[in-house]
Amino acid sequence: MGKELGLMLDIFQPSVDLTKLPRKWKDDAQIFKNASSQKRFLTIGIPTVKREKDEYILNTVQSIVNCTTEKELAEIYIVVFLADFDAKWKEGIILQLHEKFEKIISLGTLHVIQARESFYPQLDNLTHTFEDPETKKKWRAKQNVDYAFLFLYSETLAQYYIQMEDDIYTIPGYLQAIKDYISKFKEHWVCLEFSELGFIGKLYHSYDINKLAKMVLLFYAQQPCDVTYLNFNTQMLQFKRHISRPTIFEHVGYHSSLPGKVQPLKDRFFQSYPKTLKGDNPPASVYTSMPFEGYFNPDNCYSRENGIFWSTRSGKANDWFTVAFSVPQMVNKIEIDTGMHIYPNDKIHHAKLEASLASQAKGPGKPECSSNKLLGYFDDGNIKVDNVQSITGHRRIHCLTIILTNKQETWVIVREIAVFVVHK
C-alpha cells in the first residue's frame, strides 16, 4: 500500500516529464469510461478551458459531428481535454457534452479527459523568450503542457493525429479531404496542415506525437507551441510547410481563452461556400421550423456573404423556411439551390415555393404571412421562377416561404436563395 501511495503521489508531483506516467494513467484521465481504444484512422484533439465570455466547444464538436458521416464516425476519435481547474465549469461542460453527444459517447468515439492541477509543473515566475505580461507567460506555459498531455493521451488511438482548437468549424467531406491530401505524398513528411492559422489543423503520424510532446515540454516556459511545432518539423527533416488549399478548418472564436484578449483571425484559404447566383437579396429576416447548430444558420443561405443553411435532422412534411422582407419588394426572379456536391442527397426532395402578398407583425419573431400565391415546385432540389410578376399580379411580396410537401430521410442543405428585384 505504501509503495502504491508513493507512486500515486509521484504521478501528481509538478514535473515537465509527463512521459514517466504509470501504465493506467489514461484510465484515470477518462471521464466517460466506455471510450473505445481500438485503433482508428484519425484522432482529433481539442483542448478547452473556461472563457470569460463565449464558450465554443459544444459548437465545435457539433460541427465535426455534422460533417462526419455515420460510416466515418467509426474511423475517428474526438478527444476533448477539459484543461481548466474550475470544477463547477467542468461539471457543466461534462453534462452538456453527455446530453448533446450521447450517441458518439456510446460508440466510444468521444473521449473526454481531465488532469489534476498538481499534474502541472511550475507556471509562475517563468523565464520566457517573449516580453509578455506575467499572466500571458503563465497562460502560454500552461497551454503547452495541455497540448503535451493531449498528445500523450492520444498517441496510440489512431494512425494519425490532428490538432484542433475549441473555436473552429469544418466542412462536409473534411475527412476525405485529409485522406486525399495524405495520398498525394509519396515522399517523407512530418506535418500536413489543413489551416494556415496558429496550431489549428496540424496533422501528424501518431508515432511522432510522443516526440512532439517531449519537445513542447522542453520549451514549455520559453515559447508557444505554434512556434515549437515548426522547429520540431525542421528537426524531423521537413524543411517546408505543406498546407492543403483550400483549407478545411476555420477559426470562429473572437474572445481568446486568455482573459481580455480578442483574436478575430480568419483563414485566407478556407472553403466557405461562395455564392454563385448573385441575387439582389434586399434586407430580410430568415426563419425556419427546422433545427440547426452553430454556423449553419438560416441567414447564411440568403446572405450575400459565403455560407449555407444545414438542418440537424431530416426534413418533415410541412417544415418551412421563410424569408420575410424588411420592406415589401417588387420581385422579378427567384432562384433557390439546395444540396451540395459532397452531400447531394441533403437537398430538398419535395417542396413548393409560395409568395405572400400581405403580412402582419406578431411580436419580435416571424410575422404572419398571408395572401399566398404558389410560385412553383422544386425539381431535383432546385427551383427557378422567372415570371414572378405575372403570378403575383405585379404586387409587392412580403414573404417567400419554402414548404416541404413530404418527409425525407436526409437532412436539408439550402445552399443559396437569390432574389432579383425589379429595377426601374
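The values are calculated or read from the model by the stated rules, or taken from the named source; none is laboratory data. A quick note: this is a predicted structure, and the numbers were derived from the prediction, not measured. Heads up, the Cβs are rebuilt from the backbone with ideal geometry, glycines too, and the neighbour counts pull from every protein chain shown. These accessible areas exclude ligands, DNA and RNA; they are computed on the full protein's heavy atoms, side chains included. Shrake-Rupley method; radii C 1.70, N 1.55, O 1.52, S 1.80 Å.
Selection of the stretch 195-207 for residues being more than 13 Å from the chain's Cα centre (by Cα), in a loop (DSSP other than H, G, I, E, B) and farther than 19 Å from Q143 by Cα yields only E196. For the stretch 161-189, enumerate the residues that are touching a helix residue (DSSP H, G or I) at 6+ places or on another chain (Cβ under 6 Å) and not in a loop (DSSP other than H, G, I, E, B). The answer is Y161, I168, Y169, T170, L175. Could you check the stretch 43-68 and list, in sequence order, the residues that are open to solvent by 10 Å² or more (accessible area, probe 1.4 Å), within 14 Å of the chain's Cα centre (by Cα) and not polar (S, T, N, Q)? Result: P47, E55, Y56, L58, V65.
Checking the conditions here, which among V412, V388, V422 is of a type outside the set (F, W, Y), more than 36 Å from the chain's Cα centre (by Cα) and crowded, with 21+ Cβ neighbours inside 10 Å? Walk me through it before giving the result.
On the way: V412 fails: more than 36 Å from the chain's Cα centre (by Cα); V422 fails: crowded, with 21+ Cβ neighbours inside 10 Å.
From the options V412, V388, V422, the qualifying one is V388.
One residue stands out in the stretch 281-336 among those that are in a loop (DSSP other than H, G, I, E, B) and β-branched (V, I, T): the one that is surrounded by the fewest Cβ atoms within 10 Å (Cβ to Cβ), namely T312. Being assigned to a helix (DSSP H, G or I) and closer than 16 Å to F149 by Cβ is the filter; apply it to the stretch 216-228 and report the residue that is farthest from the chain's Cα centre (by Cα). In this case the residue turns out to be L218. Set side by side, the residues L42, L82 differ, and just one is touching a helix residue (DSSP H, G or I) at 6+ places or on another chain (Cβ under 6 Å), modelled with pLDDT of 90 or more and not polar (S, T, N, Q), which is L82.
Only residues that are at pLDDT below 65 and touching a strand residue (DSSP E or B) at 6+ places or on another chain (Cβ under 8 Å) were counted across the stretch 1-39, and they come to 0.
Count, please, the residues in the stretch 248-283 that happen to be in contact with a Ser or Thr (Cβ under 6 Å, 6 or more places away or on another chain), modelled with pLDDT of 65 or more and more than 24 Å from K179 (Cα to Cα). Summing the residues that are in contact with a Ser or Thr (Cβ under 6 Å, 6 or more places away or on another chain), modelled with pLDDT of 65 or more and more than 24 Å from K179 (Cα to Cα) in the stretch 248-283 gives 1.
So, N144, is that one of a type in the set (S, T, N, Q) and surrounded by 19 or more Cβ atoms within 10 Å (Cβ to Cβ) or not? Spelling it out, N144 is indeed of a type in the set (S, T, N, Q) and surrounded by 19 or more Cβ atoms within 10 Å (Cβ to Cβ). Filtered by the rule that a residue be of a type outside the set (S, T, N, Q) and open to solvent by less than 60 Å² (accessible area, probe 1.4 Å), the stretch 231-240 gives F232, M236. For the stretch 69-95, residues that are open to solvent by less than 20 Å² (accessible area, probe 1.4 Å), in contact with a Lys or Arg (Cβ under 8 Å, 6 or more places away or on another chain) and within 24 Å of S311 (Cβ to Cβ) total 1. With a requirement of 3 or more residues that are within 26 Å of T312 (Cβ to Cβ) and touching a residue at least 12 places away in the same chain (Cβ under 8 Å), the strands (runs of 3 or more DSSP E) lying completely within the stretch 337-403 that satisfy it span 351-360.
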